[in-house]
Amino acid sequence: MTTDTTALLVIDVQQGNTAEAWDRDGVVGRIRGLIDRAQSDGVPVLWVQHEAGPFKPGSDPWQIVEEVRPGDGDPVIGKQYLDAFAETDLKQRLETLGAGRLVLCGAATDACIRTTAARAQVEGYDVVLVADGHTTAEGPWELPLPDGTPVAVGAKEMIAYTNFTVADTEYPGVTTEVVPAAEVTW
């Protein structure tokens with residue numbers, strides 16, 4: 001996408017999906033650092049907040065964690081689906097900002113991060129996934145292979161797989177990067 005503005009999307013860093021997350025404090029600390037850098041450099045920051053299932057507005061799980069909570073008047077986009085673009089005004093807000101490049105961080109890796117990254121790429125946004133700036137529950141989960149055999153997958157594997165698939169996804173005219181928080185540029 002040809003625009004000059006980068007926006008930072010802080011996706012679903014909520015109490016209900018980070019309390020038991022892998023490297024929770026490290027990931028939240030890196031996200032806080034990204035928010036501080038973005039705000040200092042005049043880069044727009046948008047918070048996305050899941051509002052379905054156990055994340056009922058006003059409930060404890062719904063709350064954005066204190067360390068990265070937006071200030072009064074900061075843009076927060078409520079969503080019902082894993083995809084932050086689905087039935088929200090995210091695209092319109094990004095268009096208003098002139099944002100064509102999105103830096104993504106947050107939770108949960110295997111759900112809202114993966115889905116929003118893929119949708120952003122399909123929509124034509126250049127995507128930067130913060131490799132060490134997203135997390136998910138520790139796990140492990142037993143996932144079935146095609147023959148039904150269960151395989152245990154933990155958070156580290158989910159994160160590594162998501163980083164790999166986002167980096168490996170190509171669309172015409174779209175650039176994709178997966179970089180550590182310390183290497184994110186605006």
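The values are calculated or read from the model by the stated rules, or taken from the named source; none is laboratory data. The structure displayed is predicted, hence computed values, not measured ones. No Cβ is skipped: glycine too gets one built from the backbone with ideal geometry, and neighbour counts run over all protein chains shown.
The table that follows gives values for the structure above.
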| read-out | value |
| --- | --- |
| Verdict on ALA21 being under 15 Å from the mean Cα position of the chain (by Cα) and either surrounded by 14 or more Cβ atoms within 10 Å (Cβ to Cβ) or not aliphatic (A, V, I, L, M) (or both) | yes |
| Filter result for VAL10 (in contact (Cβ under 8 Å) with a residue 60 or more places away in the chain, within 20 Å of THR185 (Cβ to Cβ), buried (at least 20 other Cβ atoms within 10 Å of the Cβ) and not aromatic (Phe, Trp, Tyr)) | yes |
| Of the criteria (1) touching a helix residue (DSSP H, G or I) at 6+ places or on another chain (Cβ under 7 Å); (2) within 15 Å of ILE113 (Cα to Cα); (3) assigned to a loop (DSSP other than H, G, I, E, B), which one TYR81 fails | (1) |
| Output for region 27-53, where each listed residue is closer than 23 Å to GLY139 by Cβ and surrounded by fewer than 14 Cβ atoms within 10 Å (Cβ to Cβ) | ALA52, GLY53 |
| Single condition ARG69 does not satisfy, out of (1) touching a strand residue (DSSP E or B) at 6+ places or on another chain (Cβ under 7 Å); (2) under 13 Å from VAL13 (Cβ atoms) | (1) |
| Filter pass, GLY106 being closer than 26 Å to ALA182 by Cβ and at pLDDT 95 or above | yes |
| Matching residues in region 24-53 - criterion: being over 23 Å from ALA118 (Cβ atoms), in a loop (DSSP other than H, G, I, E, B) and of a type in the set (Asp, Glu) | ASP41 |
| Residues within region 108-127 that are more than 11 Å from ILE159 (Cβ to Cβ), hydrophobic (A, V, I, L, M, F, W, C) and touching a residue at least 60 places away in the same chain (Cβ under 8 Å), tallied | 1 |
| Selection from region 18-35 of residues that are over 9 Å from THR135 (Cβ atoms) and either of a type in the set (S, T, N, Q) or in contact with a helix residue (DSSP H, G or I) (Cβ under 8 Å, 6 or more places away or on another chain) (or both) | GLY29, ARG30, ILE31, ARG32, GLY33, LEU34, ILE35 |
| The lone exception for THR3 - which of (1) within 23 Å of GLN121 (Cβ to Cβ); (2) at pLDDT 95 or above; (3) in a loop (DSSP other than H, G, I, E, B) it fails | (2) |
| Qualifying residues in region 136-186 (those that are aliphatic (A, V, I, L, M) and touching a Leu at 6+ places or on another chain (Cβ under 7 Å)) - the one farthest from ARG119 (Cα to Cα) | VAL151 |
| Top-ranked residue in region 106-157 [being farther than 16 Å from ARG24 by Cα and among the small types (Gly, Ala, Ser); ranked as nearest to the chain's Cα centre (by Cα)] | ALA117 |
